[in-house]
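Written below as structure tokens is the structure these notes are about.
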Amino acid sequence: MSLFENTLAQIKRASDIMGLDKDIATLLSTPMRKVEVNIPVRMDDGTLRMFTGFRVQHNNACGPFKGGIRYHQQVDFGEVMALSAWMTIKCSVVGIPLGGGKGGIIVNPKELSKGELERLTRQYIRMIAPVIGPTTDVPAPDVNTTPEIMSWIADEYSKIVGHDAKGVVTGKPLENGGSKGRDKATAMGGTYVLHEFATESGMNPAETKIIVQGFGNAGSIMIELLTAAGYKLVGTSDSQGGIYCADGLDFAALSACKAEKGTVHAFEGGKAVTNEELLVQDCDILILAALENQLTKGNADQVKAKLVLELANGPTMPEADEILSKKGIPVIPDILANAGGVTVSWFEMVQNADNKYWETDDVNAKLKDIMVKAWNDVKGNKAKYNCTFREAAFITAISRVEKAIKENWKI
Ligand code: GLU
């Protein structure tokens, strides 16, 4: 099953439960626009290399298309389509006035020099410039794309249109129109939601063991925030492999190891495990903060956690979802758990448009309000429809998009 088929299956499930109008289901199952570009880049050795890039605009009934750009060797059109649809749903779950889009380039950025990466980024933006803009489609960071890359995008796009248009992209550095709190926003949003769940189910952080798959931007900050709140980290990983220690792992020591050796897999003070092994180790909460399709019908049955939280997009395949549901393991889905990132991206758009900037405490207080409200909305639908958190999150989102389509579109 392709990633986009997963998304369609999720939309269909929610549509069936809520009895969605067939036309709306059809619209949500089809991206509005798909762009593919062949990007020529002059490499440092003088040769010309072509890269393939995509931008998919899924739906803009609720507001401008919004979503990150990912640089990864496994990017393909289907993946970007799935991710763009999830953005429509995600923005709507948290009730922000944005639609869904996503971009990607098939590239392993670790193999490119900084100059090559900048030329690739700028050329990609020149090629998709006709379809993006501060009020039409606003990219952001995603896997392997950084605030610096966002700065190149803002600069290139501003040159193309001939005026300062840094609102064309979010996740920029602070000195170039970024928002305070954006760097930690995905993890921060996840912790707000987790805190609600933990409080309601009487979890005591000091007695709660967590595993976080992924030590990237979202995963490492989630570890930092949760260990500071008293949770006990027993396992983590990056693309090279994982580390597990039932007695606990220290965040600062792991960060030092990552900085020095390039991977947490080399950490001395735990058992080295593969990414697959990490997922089925003993813990209370499993946080998925790496890539998609990590929990499958092959391993979901062996998950020992009592709760799964998705900080990555699409880490649980539909068959795995069913297995976890039968085992009574709740999954707090990506479209709710990681929506903090795009929420603070929206704050960044608002601040750029206003040319007025907010303090971190203000950003976090506003983010918390939105995440807690979304959590309560999803919980309400979960109780109403007697379904999973994912189904309830889809229902919450889809009913809002349905309203926007019916009220705003003439079709
Ligand atoms: N790439 C992030 C996501 O998947 C953030 C998107 C954004 O800020 O627009 O939610």
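The values are calculated or read from the model by the stated rules, or taken from the named source; none is laboratory data. If you're wondering where the values come from, they're calculated on a predicted model, not measured in any experiment. Quick reminder, even Gly has a Cβ in these numbers, built from the backbone with ideal geometry, and neighbours come from all protein chains shown. Calculation scope for accessible area: heavy atoms of the full protein, side chains included, ligands and nucleic acids excluded. Shrake-Rupley method; radii C 1.70, N 1.55, O 1.52, S 1.80 Å.
Residues 314, 269: which one is in a loop (DSSP other than H, G, I, E, B) and away from the ligand (no atom under 16 Å from the Cβ)? When all the criteria are applied, what remains is 269. Figure legend. Inter-residue proximity from the stretch 338-349: first residues touching a residue at least 40 places away in the same chain (Cβ under 8 Å) and more than 7 Å from the ligand (Cβ to nearest atom), second residues assigned to a helix (DSSP H, G or I) and among the hydroxyl-bearing types (Ser, Thr, Tyr), beta-carbon distance below 6 Å, spacing 6+ or different chains. Indicated pairs: 340/186.
When the stretch 63-105 is limited to residues that are away from the ligand (no atom under 12 Å from the Cβ) and under 16 Å from residue 336 (Cβ atoms), the one that is surrounded by the fewest Cβ atoms within 10 Å (Cβ to Cβ) turns out to be 95.
Being touching a Cys at 6+ places or on another chain (Cβ under 9 Å), open to solvent by 10 Å² or more (accessible area, probe 1.4 Å), away from the ligand (no atom under 11 Å from the Cβ) and not small (Gly, Ala, Ser) is a property that does not hold for residue 130. Output yes when any residue across the stretch 314-324 is out of contact with any Phe, Trp or Tyr (no Cβ under 9 Å at 6 or more places or on another chain) and under 26 Å from residue 168 (Cα atoms), and no when none is. Checked the stretch 314-324: no residue is out of contact with any Phe, Trp or Tyr (no Cβ under 9 Å at 6 or more places or on another chain) and under 26 Å from residue 168 (Cα atoms).
Of everything in the stretch 141-152 that is among the hydrophobic types (A, V, I, L, M, F, W, C) and within 12 Å of the ligand (Cβ to nearest atom), the residue that is most open to solvent (accessible area, probe 1.4 Å) is 143. For residue 292, the stated conditions hold: it is acidic (Asp, Glu) and touching a residue at least 60 places away in the same chain (Cβ under 8 Å). Answer with yes or no whether residue 135 is away from the ligand (no atom under 14 Å from the Cβ), among the hydroxyl-bearing types (Ser, Thr, Tyr) and either within 20 Å of the chain's Cα centre (by Cα) or surrounded by 20 or more Cβ atoms within 10 Å (Cβ to Cβ) (or both). No, not satisfied. The set of residues in the stretch 200-259 being of a type in the set (Val, Ile, Thr), touching a residue at least 40 places away in the same chain (Cβ under 8 Å) and out of contact with any Phe, Trp or Tyr (no Cβ under 6 Å at 6 or more places or on another chain) consists of 211, 212, 234. Taken over the stretch 158-181, the criterion of being within 12 Å of the ligand (Cβ to nearest atom) and in contact (Cβ under 8 Å) with a residue 40 or more places away in the chain is satisfied by 170, 171, 172, 178, 179. Taking residues in the stretch 101-112 that are farther than 23 Å from residue 30 by Cα, and partners anywhere that are open to solvent by 40 Å² or more (accessible area, probe 1.4 Å) and away from the ligand (no atom under 16 Å from the Cβ), the pairs with Cβ atoms closer than 6 Å and at least 6 places apart or on different chains are 108/73.
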